[in-house]
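Read-outs throughout are calculated quantities, based only on the coordinates presented, and are distinct from any laboratory measurement. Fair warning: this is a prediction, and the values are worked out from it, not measured in the lab. Cβ placement follows ideal geometry from the backbone for every residue including glycine, while neighbour counts extend to all protein chains displayed.
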Amino acid sequence: MSDGFDQLWADLEPLGRNRTTGGYRRFSWGEADADVRAWFVAAATARGLTVETDRNGNLWAWWGEPGPDAVVTGSHLDSVPDGGAFDGPLGVVSALAAVDELKRRGVRPSRPLAVTVFVEEEGARFGVPCLGTRLLTGAITPERALGLTDADGVTWERAMERAGHDPGRIGADPDLLGRVGVFIELHVEQGTALIHTDSAVGVASSVWPHGRWRMDFSGQGDHAGSTRLADRKDPMLPFAETVLAARAAAEAHDAVATIGKVHVAPNGTNAIPSRVRTWLDARAPDEATLHAVVDHVDAVAKRAASEHSVFHARYEESYTPVVDFDTALRDHIAAVIGADGTPAPVLPTGAGHDAGVLAASVPTAMLFVRNPSGISHAPQEFARPDDCHQGVTALADVLADLLHE
Ligand code: HGY
Ligand code: MN
Ligand code: MN
Ligand code: MN
């Protein structure tokens, strides 16, 4: 089994890697994305799977006739800027390797199986995470998706077209979604829980509610040298207070809040900025706490903006309510992982996933594979080959059970 996984990984791993940083730059509809999609189609076809691209650009590789009550497993191939190798790809490679394993075991599926690659899971280029599954399930309107733009003002519609896909039919796909009986996503752990339990594999219990809010601070551009302090409307100052307020609010509420992306206009050393655009990523154990964190940050941003005669506006770009995965599936996976007598670690996660979006529509569960660095969304993200192989075995065991139901 491991040679299936190892060869798949060896073929995929170099695609879209930034040689300078060692991180990945696989952004939807870009060149590296075309390369990894081509890799997936070739790898799936080589396994006798029939690959279709759905109206939203998601890839589905079918073992058996696409049909109702399918067992579906997969993840994403896009990355955050300079992200790690495993976030997303580990789930896709493990799913294909699990098909190898099932075939090696002589499993003859009693229901269809599909391996999926969902588009724009990170939202790194167009801003809304899990866009492929939000479109599939109707959680976002086609109109909003078509108009999403990247940093250069290219729309989702144009980018999809340039990549050779017709954006004319994007949107909810109830027929396709209706085929999905269960969805299982294997993912590298984005944290350290499995290090502490000394486990190669764990199972997810829930996803924290989380969201992304864009905040614009609009002031008055001016000369850095000739403008008196009293005459300034400098948006950088309320922005700076807001960054510190996000951290303070997270600490006060046992939540997490991050401001990791900022656009300064005109971004000149000797020019007072006219506008600072930034994004708040906030996550908390429950929705009331999440709203408390966001409201606190918003209040500080408004107060600080008015003190500096700066205009502030906030826009909710994405929001994911708390997700509790299917308990029967969760317990089934825990039993498979814990078959050796050691109870399986059952973990909540602060990271969002396509499984989190699909959970609103179909029974869904996730497996996690240990990440010895504990780091994710950075080049240091890592999973050891033997742990990856254990993940594939666990996934194959779960799929085998589900295919025989
Ligand atoms: O941001 C997230 O939680 C996920 O990695 N898209
Ligand atoms: Mn991610
Ligand atoms: Mn991911
Ligand atoms: Mn000058």
inquiry  = In whole Hz and in residue order, list the ³J(HN,Hα) couplings for the stretch 113-123 that follow from phi through the Karplus curve 6.51 cos²θ - 1.76 cosθ + 1.60, θ = phi - 60°; x for Gly and Pro.
reply    = 10, 10, 9, 10, 10, 9, 7, 6, 5, 7, x
task = Count the DSSP beta bridges whose two residues both fall in the chain, then state the antiparallel fraction as a percent rounded to the nearest 5.
result = 70
note = Burial-style ranking of 321-330, 353-362, average other-beta-carbon count within 10 Å with highest first, yields 353-362, 321-330
ask   = What list of ³J(HN,Hα) values in whole Hz, one per residue of the stretch 83-92 in order, does the Karplus curve 6.51 cos²θ - 1.76 cosθ + 1.60 (θ = phi - 60°) give from phi, with Gly and Pro shown as x?
value = x, x, 7, 9, 5, x, x, 4, x, 6
inquiry  = Restricting to DSSP H runs of at least four residues, report the calculated mean residue ellipticity at 222 nm for the chain, -39500 (n - 2.57) per run over all residues, nearest 500 deg cm²/dmol.
reply    = -11000 deg cm²/dmol
task = List S318, S110, S199 from most exposed to least, where exposure is judged by having the fewest other Cβ atoms within 10 Å.
result = S110, S318, S199
key: Under the Karplus curve 6.51 cos²θ - 1.76 cosθ + 1.60, θ = phi - 60°, whole-Hz ³J(HN,Hα) for the stretch 165-178, x wherever Gly or Pro sits   = 10, 7, x, x, 10, 5, x, 4, 9, x, 5, 5, 4, x
ask   = Of the residues Q220, Q380, Q390, which exhibits the maximal mean-square fluctuation in a Gaussian network model of the chain defined by a 10 Å Cα contact cut-off?
value = Q220
remark   = The set of residues whose placed amide H lies less than 5 Å from the amide H of M366, leaving out same-chain residues fewer than 5 positions away, is E185, A204
query = For the stretch 1-103, which GluC sites (Glu not before Pro) are both in a DSSP coil and crowded by at most 13 other Cβ atoms within 10 Å?
reply = none
key: lysines whose Cα lies under 25 Å from that of K261, excluding same-chain neighbours fewer than 8 positions away   = K233, K302
query = Helix 327-337 versus the longest principal axis of the chain: what is the Cα-based angle in degrees, 0 to 90, to the nearest 10?
reply = 60
key: Within the stretch 147-181, backbone nitrogen closer than 19 Å to the virtual label 7 Å beyond the Cα of E52 toward Cβ   = 165-181
ask   = Among G132, G178, G106, which one shows the biggest mean-square fluctuation in a GNM of the chain, springs joining Cα atoms closer than 10 Å?
value = G106
request  = Would you order W156, W208 from fewest to most other beta-carbon atoms within 10 Å of each residue's own beta-carbon?
outcome  = W208, W156
task = Report the full-extension gain for the segment A288 to A339: residue separation times 0.36 nm, less the Cα-Cα distance, to one decimal in nm.
result = 14.6 nm
task = Within 10 Å of each residue's Cβ, count the other Cβ atoms and sort M160, M236 from fewest upward.
result = M236, M160
ask   = Which residue fluctuates the most in the chain, going by a Gaussian network model with Cα springs under 10 Å, if the choices are T21, T258, T349?
value = T21
note = Those trypsin sites (Lys or Arg not before Pro) from the stretch 154-234 that are DSSP loop and have at most 11 other Cβ neighbours within 10 Å turn out to be R228
task = Take the Cα atoms of the stretch 210-320, find their three principal axes, and give me the spread along each one in whole Å, biggest first.
result = 49, 21, 18
key: Sparsely packed trypsin sites (Lys or Arg not before Pro) within the stretch 1-77, loop by DSSP, other Cβ within 10 Å at most 11   = R19
